[in-house]
Number of protein chains: 2
Amino acid sequence: MYRSHNCGELTISNVGEEVLLSGWVQKSRDLGAMVFVDLRDRYGITQLTFSDERDTELMASAQKLGREFVIQVEGKVIERTSKNKKIATGEIEIEVSLLKILNKSDLPPFTIEDNTDGGEDIRMKYRYLDIRRNPIRNNLVLRSKVSMEVRNYLSNIEFLEVETPYLIKSTPEGARDFIVPSRMNGGEFYALPQSPQTFKQLLMVGGVDKYFQIVKCFRDEDLRADRQPEFTQIDCEMSFVEQDDILEVFEGLTRHLLKKINNVEVGEFPRMDYAEAMKLYGSDKPDIRFDMKFAELNDVAKNKGFKVFDSQELVVGISVPNCASYTRKQLDKLIEWVKRPQIGATGLIWAKHNEDGTFKSSVDKFFNQEALAQWSEKLNSKTGDLMLVMAGDIDKTRKALGELRLYMAETLGLRDPKKFAPLWVVDFPLLEWDEDSERYHAMHHPFTSPKMEDMHLLSTEPGKVRANAYDLVMNGNEIGGGSIRIHDKSTQEMMFSHLGFTEEEAKNQFGFLMDAFQFGAPPHGGIAFGLDRLVAIMGGQEIIRDFIAFPKNNSGRDVMIDSPATVSEEQLIDLKLKLDLK
Amino acid sequence: MYRSHNCGELTISNVGEEVLLSGWVQKSRDLGAMVFVDLRDRYGITQLTFSDERDTELMASAQKLGREFVIQVEGKVIERTSKNKKIATGEIEIEVSLLKILNKSDLPPFTIEDNTDGGEDIRMKYRYLDIRRNPIRNNLVLRSKVSMEVRNYLSNIEFLEVETPYLIKSTPEGARDFIVPSRMNGGEFYALPQSPQTFKQLLMVGGVDKYFQIVKCFRDEDLRADRQPEFTQIDCEMSFVEQDDILEVFEGLTRHLLKKINNVEVGEFPRMDYAEAMKLYGSDKPDIRFDMKFAELNDVAKNKGFKVFDSQELVVGISVPNCASYTRKQLDKLIEWVKRPQIGATGLIWAKHNEDGTFKSSVDKFFNQEALAQWSEKLNSKTGDLMLVMAGDIDKTRKALGELRLYMAETLGLRDPKKFAPLWVVDFPLLEWDEDSERYHAMHHPFTSPKMEDMHLLSTEPGKVRANAYDLVMNGNEIGGGSIRIHDKSTQEMMFSHLGFTEEEAKNQFGFLMDAFQFGAPPHGGIAFGLDRLVAIMGGQEIIRDFIAFPKNNSGRDVMIDSPATVSEEQLIDLKLKLDLK
C-alpha cells in the first residue's frame, strides 16, 4: 500500500492517527534542527516534519530531498503550533517516522508553482510538468466537471450519447479534411470528421430522437492563434423540433452549467437577430457584458461639409464612458490602433462630451456645438464620455468599430471574466458570398434549412435568404451554433445545386444522406458547442490551449512527443504511397 | 410544436386529454370502416384510430399512409376496448382529429421489425433504417447507459476524465498504426492512437493521480471477424497503486455495472494465475460459467501401449456431462470438428462413462475398464458423461481442447448469456516469443513492469519472467487488461533493450517518456476495457458489430457512406503525396 490518505484530506480530527502518505516534494525548509517538507499531490499539500532530536538518520535523509522527489512517509498526525488557515490541512502536520524515496527527480526546467518562471515553449515541451501546476491542473479538473455535468444534464432528459465513426469520407465542402490512407483498400482514404454532422442526421432518420456526443473533430486549417487541428465538440441533435425547442433545451443546459460550475444564476437569455447584432455591435457574437451600442449618424453627420463622411455609406459611432479626459496622445494612440492592418480603418473621429456639457472634437471645423449635441443624442453620451466615430462602407466599418468597442472595453476593464452574458443570435443568412470562388457558400453548412418565408428569394436575391440558424454567444465568443436541418430530398437537392454542386458531386458525396431522406426522415435540428472554448470562458479565460491536456502549437506540432514525424519506408509501401516533396 | 407527448408515455390516466403526437407509421390495419395505425418513436408505440363515421376525408388520408411515413396527429386519448397488456400504452388509443404527413417514405429495403427479413449486407448499407429496429436501438441505449454508469462511478471516486490527443506519433512496436499526412509539415505524419498508453502515463507523471477516458482507438490490422479498425476503450490509470489496488477498484466498477444495468449481483471475482488458466482451461480467458476443467492424463494414459499417446508431451481431457449417449455419427462429427484447420488437432479420443458404470472408448484395444476408470477418476466423470481426450505438444493441445470445451458448452447450452462469470487472470508472462521475428515481444506492452522476484531470470530465461499484468475475463472474453507500469528510466531502458530496440530507436520513439521518468514519476498502473465487447456481453451477445452505431465491415469499409474512397489530386498535392499503386 502506498498511502492511507491523500495530501489534501487530513485535518485536526485526524490528530493522533498513524498515516501513510505519498506525493511530491513541493519544497523543504531546513532550519538546522528541523526540516519542514511540503508534500504535494493532486488533492493538496501536507506539511511533514523531521527533527534531529527525534531521528538523526531520518533527518539526514530529509535534508537530501530535492524538489519534485516522489516520496512515501509514515508518521503521526499532530496539531501544528503555527496554523495555516489558507489550506485545508493547515492545522496539522506529520511527524515522520519512516521515509522512502519512491523516485528521484532532476531539477525541473521551470518551477512547479502557480506563477512559474517557465515560458510557453518550455512548458509545452514538458507539458507533464506543467500539468503539476495548480492553474493547469485546475483547468483539467474544470473540464472534466463540465463534461460530466453536460452528460448528466442531457442524459436526464433522455438524450442518448452515441459514438459516431472517426474514419469517414472526405468531402471537399468547407475546411480541409485530414485524410487517412487505407492499407486494405490501396489508393483510397478515410477522412477524419470535421464534425459528425451527417451521422447525427442519420441517427435522427434512425429514430434516435435525442442524440449527443462529446467528440473530437478535426480541421486541417492554417492555424490562427488559439486554434487547434483537433478540438472537442458537444454535438447534439433532436427530432420533431422547431428552433424554439432547441434554444430552450440548450439554454437550460447552459444555465445549469453556469449554476453548477460557476455558481452564477443567469436569467432568460436575450435573443437578437443577426442583422441587429451587426447593426448594434458590428459582430455576430457581441459581448453584451457592457453597453456601448453603435448608433448610426448618417442623418446628423453627413452633408455638413465634411467630405470624409459625405462620400461614405455609413457614419457610425459609440460613446465610451468616462474617457472625455483622454489626452491627445491617448487619442492618437487610438487612431493608430484602428489603422493597423488587423483592423484596417482609414481613421477615427473623436468628440469629447466635456464635464461642463460642451463638446470638443477632432472635427470642430465642420461640426459646431449644436451638431455635436445631435451626435451626443444619437449616441446617448453623458458628460465625461468620449464619442468615437468611423465612416466607410457598411460591413467593414461595422467590423472595425466592433473591434474598437471590444478594445475600449478591455482597456476600461469592462470585460469581467466572472460575469457571464449569454445571448442567442438568430436568423443568420443562409448563404454568404465568397470572393475567391465567386459564388455563394453555405454560411452554416449545406444541410441548414432556409426560412420558408424567404424561399422565394433563393433564385433572385440569394444573399437575403435567412436560415433557421442560431449561435449561442457568451462574453463575445461563439460557444455554440446550430440550425434546423433540411429533411426532404428535394430541398436538399435544390440547396446543393445553389451551392454549385453538380448532381453527380452531390450524389457522390452525400448520396447516402439523400437516400436516407427518402425513407421517412423526421424534421430535426441541432447544435454543437465548442467544449474547449466553453470551458475556457467558464474558467474566466479565453485561451483554449490552457484547457487542453496536450495541445499542439500554431504549426500543428506536439512539441512534447515531437509529432508529426517521418514514418518508415515500409509503412508508405504498405499504403501504396510515395512522398513527393519537390 | 410537433408533439405534446412521445409515443411511449400515454396511459389510462391521460384519457380525455387532447394530445399531439409525431412518429413513424409502424403498420396500419384497414378494417373498412376503421383504420388502426401503430405510431412509433424511440419511446414506444401508440395506437391511432380513424373512422369513416367520424371523418370520411381523414379516413381516406389514413388509408393512404404507407409504412415508415412520418406523420403528426392531433386527437383525444380514449380507453381501448380491447387492451394490449404487453405495451405501456396498451390501455389507450388516440381518436385522431387531424393528420399531417411530415415526410413520406419509400418502401424500406427490409422490414422494420424485431425479426427483420433483411440480411447483414443490406442492413449495413441502410444502417439508419436498421437503427429503427428495437434490437439495434436497444443496443445503442444500453451502450449509452453503460458509458454513463462508468463515468458516474469513476467520477464519484475522484477519477478525472482527461482527453488525450488523437493526432499523435507513429511507433512501429505492436500493431500497425493508421497514419495521417500533415500538410503543414510536408513529408511528416501523425498517427492515430492504438491506445492513449503513453499519454495516460504522462498524466500520472503530471500528478493527475486518477485518470479515465472513454476513447476511440485505432488499429490497422487485417480484420478478423468481429474486429473493427476503430474501437472504444474505457482507459484508466492510477498513481501510487499496486496490482491489488487496481483490481479492487475495477472489480468494484464491474460489479456496479452488472448490478445497475443487468440487475445481477456478483460476488468477489475469483483470481487465477495465467499458468493455471492455461493448465485448466487451455485459455487465458476461460469461460467459467460451466465446469469441464482439464485433467492431465499423462500418468494414467501414457506407456500403455497406445503409441499415439506415448510419443506426446501431453495427454489431456475433459468430461462432458450427459453425452455418453452420443452416437457414432455425433462422435465422428466431433472428430471432424477438431481436425478443422482452425482447431488443428490431429485427432480425438473418446470414452463413454455409461449409465451402468462401464466404459466404452475408441481405444478399448489399449485401455481396459480399469484403465478407463483411472481416466474417469482424473476427469471426475460421472455416469452418463463423455470423456474427450487429446494428445500432442502442450501449448497446441491445450488450445485445441480449450476450443473443444467451448464448443461442447455451446452445444449443450451451457453458455447462458444471462449469467455473468467474471474472473481475474493474473501473473501473465512479461514476454512472448515471436516466431516470425525470432525474438521476444512484450506480451502486454513494453511499459509493463516485470515482477521484481523474477527479474533475475530476464537475461537467462526471459520467457519465464512474469509481469504485473492482469486481464479481466467475463464469460470467456477478455473485457479488460492492464498492468503496473515501469516508472523508472533504467528499468524502462533495460526493457527496451531486451525487446530489441537500439538506444536510438528507444530515444526517438519514447524519449519523451524516458525524459518524464527523470522528473519524479510516481509508481502507477492501469487498465483498459474494451467497451464494444463489454457492452455486447452485458447485452447477452458476443458480436460487437451490433453494438456500434455505424460499424465497418471485415474489409474496413463503411458500406453506407462508401468509405474509404479516392480523394482529389489537389488534396494529394497539398499533402506532398503520390499514389504508387503498381
Karplus ³J(HN,Hα) for segment B:163-168 (6.51 cos²θ - 1.76 cosθ + 1.60, θ = phi - 60°; Hz, whole; x = Gly/Pro) runs 7, 9, x, 9, 9, 10
Could you sort B:254-267, A:57-70 so that the peptide with the highest average Cβ count within 10 Å comes first and the rest follow in order? A:57-70, B:254-267
Report the convex hull volume per residue for segment A:12-103, counting only C-alpha atoms, in Å³. 92 Å³
Calculated Rg and Dmax of segment B:190-233 using C-alpha coordinates, Å: 12.9, 40
Can you give the accessible area per residue of the protein assembly as shown, in Å², using a 1.4 Å probe? 42 Å²
Interface residues, segment B:77-110 - accessible area loss of 50 Å² or more versus chain alone, probe 1.4 Å: B:N103, B:D106
Points 7 angstrom from Cα along the Cβ direction at B:L107 and B:D291: gap in nanometres? 5.6 nm
On C-alpha positions alone, give me the angle between the axis of helix B:394-411 and the longest principal axis of chain B, in degrees, nearest 10. 30 degrees
Where the label is 7 Å out from Cα toward Cβ, how close does B:G16 come to the same position in every other copy, in nm, shortest first? 6.7
Within 11 Å, Cβ to Cβ, of A:T116, how many net charges do the neighbouring residues add up to if Lys/Arg are +1 and Asp/Glu are -1? -2
Within a 10 angstrom radius of each residue's Cβ in B:126-136, how many Cβ atoms of other chains show up on average? Whole number is fine. 5
Which distances, shortest first and in nm, link B:K451 to the matching position in the other copies, using label points set 7 Å out along Cα to C-beta? 7.3
Name the shape class, rounded, prolate or oblate, that the alpha-carbon gyration tensor gives for chain A, where a ≥ b ≥ c are the square roots of its eigenvalues, rounded holds for a/c under 1.5, and otherwise prolate holds if a/b is larger than b/c and oblate otherwise. oblate
Going through B:K293/B:K418; A:K304/A:K333; A:K169/A:K578; B:K333/B:K365; B:K145/B:K260; A:K145/B:K210 one by one, the pairs whose alpha carbons sit over 18 Å apart turn out to be B:K293/B:K418; A:K304/A:K333; A:K169/A:K578; B:K333/B:K365
Computed magnitude of the charge dipole of chain A (debye, nearest 20; Cβ of K, R +1, Cβ of D, E -1): 1520 debye
Does segment B:290-414 come out rounded, prolate or oblate, given a ≥ b ≥ c as the square roots of the eigenvalues of its C-alpha gyration tensor, rounded meaning a/c under 1.5 and, failing that, prolate meaning a/b above b/c? rounded
Would you work out what percent of the accessible area of the protein assembly as shown, with all protein chains in place, is carbon or sulfur (probe 1.4 Å)? 47 percent
Taking the 0 to 90 degree range and rounding to the nearest ten, how far is the long axis of helix B:503-517 tilted relative to the main principal axis of chain B, both from C-alpha atoms? 70 degrees
Where A meets B: accessible area buried, both sides, 1.4 Å probe, Å²: 11000 Å²
Apply 1/(1 + (r/R0)^6) to the Cβ-Cβ distance of A:V264 and A:E336, taking R0 = 41 Å, and write down the FRET efficiency to the nearest 0.05. 0.65
What does the highest-first list of B:323-332, A:406-415, B:481-490 look like by mean Cβ count within 10 Å? B:481-490, A:406-415, B:323-332
Only helical DSSP H runs with n ≥ 4 go in: add -39500 (n - 2.57) per run for the protein assembly as shown, normalise by residue count and round the 222 nm mean residue ellipticity to 500 deg cm²/dmol. -8500 deg cm²/dmol
Over 56 Å apart: what share of the alpha carbon pairs of the protein assembly as shown falls there, rounded to a whole percent? 29 percent
A:L457 paired with B:K451, simple spin-label distance in nm, labels 7 Å along Cα-to-beta-carbon: 7.6 nm
Chain A: angle of helix A:134-156 to the longest principal axis, Cα-based, in degrees nearest 10: 60 degrees
Length-normalised contact order of chain A, Cα under 8 Å, at least 6 apart, in percent, tallies to 13 percent
Taking a virtual spin label 7 Å from the Cα of A:K464 along the C-beta vector, which residues in segment A:421-441 bring their backbone nitrogen under 20 Å of it? A:427-434, A:439-441
Would you please give the FRET efficiency between A:E313 and A:S555, computed as 1/(1 + (r/R0)^6) with r the Cβ-Cβ distance and R0 = 51 Å, to the nearest 0.05? 0.80
Inter-copy distances for B:N322, label 7 Å out on the Cα-Cβ vector, sorted ascending, nm, one decimal, are 8.8
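The values are calculated or read from the model by the stated rules, or taken from the named source; none is laboratory data. Small disclaimer: the values here were computed from a predicted structure and weren't measured. Ideal geometry is used to build each Cβ from the backbone, glycine not excepted, and the neighbour counts take in all protein chains shown. Surface accessibility is based on the protein's heavy atoms, side chains included, excluding ligands, DNA and RNA. Shrake-Rupley method; radii C 1.70, N 1.55, O 1.52, S 1.80 Å.
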